[in-house]
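Values quoted throughout were computed directly from the atomic coordinates according to the rules given, and no laboratory measurement underlies them. Every value quoted in this text rests on a predicted model; they were computed, and no experiment measured them. Here the Cβ positions follow ideal geometry from the backbone for every residue, glycine too, while neighbour counts run over all protein chains shown.
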Amino acid sequence: MCSDVASTGAAATRSAVILPGATLGLLGGGQLGRMFTVAARTLGYRVTVLDPDPLSPAAEFATRHLATAYTDPAAIAELASSCAAVTTEFENAPAEALDAIAARTVVRPGGFAVAVAQDRRREKAFLAERGFPVGSFATIDTPGDIGPALARVRLPALLKTARFGYDGKGQARIESAEDLERTLAQWKSVPCVLEELLALEREVSVILARSDDGAIATFPVAENLHARGILDLSIAPARVAPALAEEAASLASRLATALDYVGVIAVEMFVVGGRLLLNEIAPRPHNSGHYTIDACRTSQFEQQVRVLCGMPLGDPSQHTPAVMVNLLGDIWRDGEPRWEAVLRHAGAHLHLYGKRDARPGRKMGHVTVCETTPERTLEVALDIRRALGIGPAGESV
């Protein structure tokens, strides 16, 4: 399901359009930043990347690389003074850095939305307080919170660190009160969120762009399959009823409006008992939206550039069924993978991120398969996975 570009109510005063030739700033230089930079350069913009990694994937395509800490005052001042607008490619970008830059130039998304998304406690509270459907949860900041948390959340449950958890990191399954106490002790009682372990029917995500005048363009809902806590496959459009897809898009649009969000945002959801429950927010393009590069009229990354520059939103409609296969460092264990096994398929599109060190679990690239029917698309994607040595559960074989 996708939406036409639509207005969502009272429009704010629109800022000046930033034309090609201007310099855009980017906090973070990973693969998401790389794909943003390619989209921006293709549209004629210059890009300055701030990332401490001297081998930043995004920096390979950028016009300038500030290889220093995200909180470096001189680098922040340089971005603010030399860039017409600044965005981020990851939610753990320091919100205070975004706020400092926003005092001098355009920043999208703003520091508030990023701060909400990068702390699970704030995120869950924001959703619950505004009436969005969420599973049972409780925050644990001190050992004294354990009892009340267990009174609110049935076991088994998942314990997640409030900050810096991703791709299955910072998570533990909790079967008993003893498990909870032991895990918190091992994690040195860092702030956490305890979430009920739900009987999931599907995991889906909605990626949309919202402009500064309230217009929203929603990409088709993607269905996501995970292995070891890391996204394995994304199927678009998702194999859900049209009414459920429409509800997911509506929920994501309402959330973006509640956040007064300007930019590209991903909203992850669970399907439980035929109902949608919101899981997490990513204030940026998302792994599950990579299919938009090859299967939609406008990619999520071009959309990010458009929103940042005050340009009209692109058409998010999907022209071809797609399945995205994540490529992790595991498949490099015996050397360079057999890319000919991928590229022999006419509908396969290979995207490698330029990372030098192929570690197990590290996202090194992806393949998007586009075919004439959803059934054929999934069939080819599974064939490619087998040829690359990816097992049925996402494990290398």
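Between the range 83-104 and the range 232-271, what is the C-alpha centre distance in whole Å?
25 Å
The range 274-374: which trypsin sites (Lys or Arg not before Pro) are DSSP loop and have at most 10 other beta-carbon atoms within 10 angstrom?
Those satisfying the criteria are ARG356.
Spin-label point model (7 Å from Cα, Cβ direction): what's the THR257 to GLU181 distance in nm?
Between THR257 and GLU181, the label points sit 4.8 nm apart.
Under a crude label model (7 Å from the Cα following the beta-carbon direction), how far is VAL272 from ARG297 in nanometres?
Taking the simple label geometry, VAL272 and ARG297 are separated by 3.7 nm.
For the range 116-125, just list the computed ³J(HN,Hα) in residue order, Karplus coefficients 6.51, -1.76 and 1.60, θ = phi - 60°, integers in Hz, with x standing in for Gly and Pro.
After applying 6.51 cos²θ - 1.76 cosθ + 1.60, I find 5, 6, 8, 10, 4, 5, 5, 4, 5, 5 Hz.
How large is ³J(HN,Hα) for each residue in the range 336-345, as worked out from phi by the Karplus curve 6.51 cos²θ - 1.76 cosθ + 1.60 (θ = phi - 60°), to whole Hz, x for Gly and Pro?
These are the phi-based 3J(HN,Hα) values: 5, x, 7, 5, 5, 5, 7, 6, 6, 8 Hz.
P(r) for the range 256-322, please, calculated from all Cα pair distances in 10 Å bins and given in %.
Going from the shortest bin to the longest, the percentages are 19, 44, 32, 5, 0.
For ALA85, enumerate residues with amide H under 5 Å from its amide H, sequence gap 5+ or separate chain, H modeled in the peptide plane.
GLY25
Run the quick spin-label model on PHE164 and THR105: label points 7 Å from Cα toward the beta carbon, then report their separation in nm to one decimal.
Computed distance between label sites PHE164 and THR105 equals 2.9 nm.
Long-range amide H contacts for SER136: which residues qualify at under 5 Å (H placed 1.01 Å from N, peptide plane, sequence gap of 5 or more or a different chain)?
Those lying under 5 Å, H to H, from SER136 are GLU196.
Under 1.5 on a/c is rounded, so check that first for the range 136-196, then, if it is not, pick prolate when a/b is larger than b/c and oblate when it is not; a ≥ b ≥ c are the square roots of the alpha carbon gyration tensor eigenvalues.
rounded
Using alpha carbons only, what's the Rg to Rh ratio of the range 202-387 with Rh from Kirkwood?
0.97
Once the Cβ-Cβ distance between SER189 and LEU352 is put in as r, and R0 is 35 Å, what FRET efficiency do you end up with, to the nearest 0.05?
Efficiency, from the Cβ-Cβ distance: 0.30.
Consider the candidate values (1) 64, 38, 35; (2) 64, 42, 41; (3) 59, 51, 43; state which one is Cα extents along the principal axes in Å computed from the structure displayed.
(3)
Among the trypsin sites (Lys or Arg not before Pro) in the range 100-203, which ones are in a DSSP loop with at most 14 other Cβ atoms within 10 Å of the Cβ? Mind listing them?
ARG104, ARG130, ARG154, LYS169, LYS188
Could you list MET269, MET311, MET364 in order of exposure, starting from the residue whose Cβ has the fewest other Cβ atoms within 10 Å?
The order, fewest Cβ neighbours first, is MET311, MET364, MET269.
With the Cα gyration tensor of the range 23-117 giving a ≥ b ≥ c as the square roots of its eigenvalues, does the rule (a/c under 1.5 for rounded; else a/b larger than b/c for prolate; else oblate) give rounded, prolate or oblate?
Rounded.
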